[in-house]
Amino acid sequence: MSTDPLFDFDGRIVIVTGGSRGLGRQMALAFAERGADLVIASRKLDACELVADDCRRLGRRAMAFAMHAGRWPECDALLDAAYATFGRVDVLINNAGMSPACPSHDVSEALFDAVLNLNFKGPFRLASQCAQRMNEGYGGCIINISSSGSLMPTPMIVPYGAAKAALNAMTVSLAAEYAPKVRVNTISPGPFLTDIAEAWTPDMRESAPSALGRPGRPEEIVTAALMLASPASSFTTGALIRVDGGLR
């Protein structure tokens, strides 16, 4: 475990949605390695339990929770369970999302609603309800995981990019609404070599249209999350941090 006081999360309670794989799993383990207790939330309980077990092996308390992050009753149930188990939440990472590629003229209403629900409607509910509880308690930090698709033209995922752009705007507004006790920030990742990259072409897995010229490795997301969640970042709120290798 880290002894650096800037990244000491001993006793902190961290919720990570979409925490069973990919960037969510990397962030969850990074916080556990630095002393945090974790709530791992995703749709598949067995996958959440695997990550929770990894956290427990690091000496931390961890709870696995099955939920759909696009449905408000399940978002509320997650917060209720976290507070019932741990008594508080210090960090919420809104990481769950999906980005199915589809020509815009072929997007059905059902697909549109599903994308907006998971990438914006649910995260709004979680963030707003958690912010209120944090504001009434010890304060805290919320990190919304957005996407480079919200910042630059990206064909075939227009509803996803629009939902993530709404998430960016939500971050700024919630940061103002719940200050000074609650800080709210955004991380905007570019392409990362998570399980989603299995569907990419070999060239996409090796190169990217960015300054660094390659996709990110999953572990390269964690420093941004740790920085934003750290109490030492007490003057950082309403910010958007790009972790995309310098996409252009």
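The values are calculated or read from the model by the stated rules, or taken from the named source; none is laboratory data. This one's a predicted model, so the numbers in the text were calculated from it and none came from an experiment. Heads up, the Cβs are rebuilt from the backbone with ideal geometry, glycines too, and the neighbour counts pull from every protein chain shown.
Points worth noting:
- Residue pairs whose Cβ atoms lie under 6 Å apart, separated by 6 or more positions or on different chains, with the first residue in the stretch 218-246 and within 16 Å of Asn94 (Cα to Cα) and in contact (Cβ under 8 Å) with a residue 60 or more places away in the chain and the second part of a helix (DSSP H, G or I) and among the aromatic types (Phe, Trp, Tyr), are Leu226/Phe7.
- Subset tally (residues that are within 13 Å of the chain's Cα centre (by Cα), surrounded by fewer than 24 Cβ atoms within 10 Å (Cβ to Cβ) and on the phi < 0 side of the Ramachandran plot) for the stretch 1-24: 1
- Of all residues in the stretch 187-204 being in contact with a helix residue (DSSP H, G or I) (Cβ under 8 Å, 6 or more places away or on another chain) and modelled with pLDDT under 90, the one that is nearest to Asn119 (Cα to Cα): Ile196
- Residues (assigned to a loop (DSSP other than H, G, I, E, B) and either under 21 Å from Pro153 (Cα atoms) or more than 16 Å from the chain's Cα centre (by Cα) (or both)) located in the stretch 194-204: Trp200, Thr201
- Each residue in the stretch 25-65 was checked for being touching a residue at least 60 places away in the same chain (Cβ under 8 Å), assigned to a loop (DSSP other than H, G, I, E, B) and under 21 Å from Leu126 (Cβ atoms), and 0 of them qualify.
- Residue check for Ile196: in contact (Cβ under 8 Å) with a residue 24 or more places away in the chain, aliphatic (A, V, I, L, M) and buried (at least 18 other Cβ atoms within 10 Å of the Cβ): no
- Residues of the stretch 1-24 that are without any contact (Cβ under 8 Å) to a residue 60 or more places away in the chain and touching a Ser or Thr at 6+ places or on another chain (Cβ under 9 Å): Asp8, Ser20.
- Condition check for Arg71: surrounded by 15 or more Cβ atoms within 10 Å (Cβ to Cβ), basic (Lys, Arg), within 15 Å of Pro123 (Cα to Cα) and modelled with pLDDT of 95 or more: yes
- Residues of the stretch 166-186 classified as surrounded by 16 or more Cβ atoms within 10 Å (Cβ to Cβ), assigned to a helix (DSSP H, G or I) and either out of contact with any Phe, Trp or Tyr (no Cβ under 9 Å at 6 or more places or on another chain) or modelled with pLDDT under 95 (or both), total: 4
- In this entry, Ala101 passes the filter for residues that are more than 18 Å from the chain's Cα centre (by Cα), among the hydrophobic types (A, V, I, L, M, F, W, C), within 28 Å of Ala163 (Cα to Cα) and modelled with pLDDT under 95.
- Test for Ala225: is it at pLDDT 95 or above, part of a helix (DSSP H, G or I), of a type outside the set (Lys, Arg) and surrounded by 16 or more Cβ atoms within 10 Å (Cβ to Cβ): yes
- When we screen Ser147, Ser230, Ser207 for residues that are at pLDDT 95 or above and either buried (at least 22 other Cβ atoms within 10 Å of the Cβ) or more than 16 Å from the chain's Cα centre (by Cα) (or both), the only hit is Ser147.
- Residue count for the stretch 104-160 satisfying the condition of being closer than 17 Å to Asn185 by Cβ and not in a helix (DSSP H, G or I): 10.
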